[in-house]
Amino acid sequence: MTAEDVTVSLLEKMQFRVGTGSGHALVIDASPDVGGAEAGPRPMELQLAALAGCSAMDVISILRKMRQDVTGYEVSAHGETAPDHPQRYTEVVVIHRVGGDAIREDGVRRAIELSMTRYCPIYAMLSPGVRIVERYEIRDGAGILAASGEVAAESASG
């Protein structure tokens, strides 16, 4: 198995073991209303986690190359789903919370733009059918909000 391979095996009810080509494993499950037991994350949650994680890895790598002294970094994602099946995501909002002294806002914006337009394959797969908005908050070393803004796909590609 390569790093791009996964195997999903039924455990019981709606619980499955996911094994990855890189040697990791996790259990996924469904909500109780469809026979699950909440024994693991749901596949749709994993899509958000993949998007947030992919973007986070890109952005922190780029900020480090810019020699930004990031002392704290967190990314959260919220997805809105369609009311009818297949209940896909219709909009996702990703928020980057960057902490550190003298963090340059233009650097944060550029790092997010590069993730959106060049580096994040999860963004590239989701964005044709899902509106994705990425926001950022920059806090100084004392935790005081220094800057915030939004990077939309339209501004990232232009």
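Per-residue SASA remark: I28, around 20 Å² accessible (1.4 Å probe; ligands, DNA and RNA not included).
Report the antiparallel proportion of the DSSP beta bridges in the chain as a percent, rounded to a multiple of 5. Rounded to the nearest five, the antiparallel share is 75 percent. Rounding to the nearest 10 and keeping the result within 0 to 90°, find how far the Cα-based axis of helix 43-65 lies from the longest principal axis of the chain. Value to nearest ten degrees: 30.
Just so you know, the averaged projected area of the alpha carbon convex hull for the chain sits at 11.1 nm². Rounded to the nearest 10 square angstrom, E150 shows an accessible area of 80 square angstrom against a 1.4 Å probe.
Excluding ligands, DNA and RNA, the accessible surface per residue across region 69-158 is 56 Å² with a 1.4 Å probe. For region 22-85, the list of trypsin sites (Lys or Arg not before Pro) that fall in a loop by DSSP and count at most 11 other C-beta atoms within 10 angstrom reads R67.
Shown are D84, D140, whose ranking by accessible area with a 1.4 Å probe and every protein chain present, most to least, is D84, D140. Expressed as a whole percent, the accessible area of region 23-158 that falls on carbon and sulfur atoms is 53 (1.4 Å probe).
Our coupling estimate for region 92-101, obtained by passing each phi through the Karplus curve with A = 6.51, B = -1.76, C = 1.60 and θ = phi - 60°, is 10, 10, 10, 10, 9, 10, 10, x, x, 8 Hz, Gly and Pro reported as x.
The values are calculated or read from the model by the stated rules, or taken from the named source; none is laboratory data. Being a predicted model, the structure only gives us computed values, none of them experimental. Methodologically, a virtual Cβ is constructed for each residue, glycine included, from the backbone with ideal geometry; neighbour enumeration extends over all protein chains shown. Surface accessibility is based on the protein's heavy atoms, side chains included, excluding ligands, DNA and RNA. Shrake-Rupley method; radii C 1.70, N 1.55, O 1.52, S 1.80 Å.
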